[in-house]
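A quick write-up on the structure given underneath.
A short reminder: the numbers here are calculations on the coordinates, not readings from a lab. Computed from a prediction, not measured in an experiment: that's the story for all the values here. Here the Cβ is made from the backbone with ideal geometry for all residues, glycine too, and neighbour counts use every protein chain on show.
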Amino acid sequence: MNLAEFVHRYVQLAGGFEKPVALSAFGLTADETKTVFSTFDEDYHISRFLHFSCAQGQSYTISGEPVTHVMVDNHIESLL
């Protein structure tokens, strides 16, 4: 999943920006989830628009931290 695909899918799931979405909602395997979101989190230009949280739900280890949800700032569109 590239950045444009992720943003499009996020907006579909959240109904807009700046709303938390469970990582499990993206329909990726556990390994794919870890790889995709860790890659985004490690890229400064992308990660500054992503806000990870840990709440109820399926937890994944993203960049060494337990994470269940992601919220995306609408300014991420400047990267697309």
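One table, with the values for the structure above:
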{"read-out": "Leading residue by the ranking (nearest to Asn2 (Cα to Cα)) among those in region 47-69 that are crowded, with 17+ Cβ neighbours inside 10 Å and of a type in the set (A, V, I, L, M)", "value": "Leu50"}
{"read-out": "Subset of region 21-31 (residues that are under 12 Å from the mean Cα position of the chain (by Cα) and touching a residue at least 24 places away in the same chain (Cβ under 8 Å))", "value": "Val21, Ala22, Leu23, Ser24, Phe26, Leu28"}
{"read-out": "Residue in region 9-25 that is assigned to a strand (DSSP E or B) and surrounded by 13 or more Cβ atoms within 10 Å (Cβ to Cβ) present", "value": "yes"}
{"read-out": "Candidates Glu65, Glu18, Glu42, filtered to the one that is in contact with a strand residue (DSSP E or B) (Cβ under 8 Å, 6 or more places away or on another chain) and without any contact (Cβ under 8 Å) to a residue 24 or more places away in the chain", "value": "Glu65"}
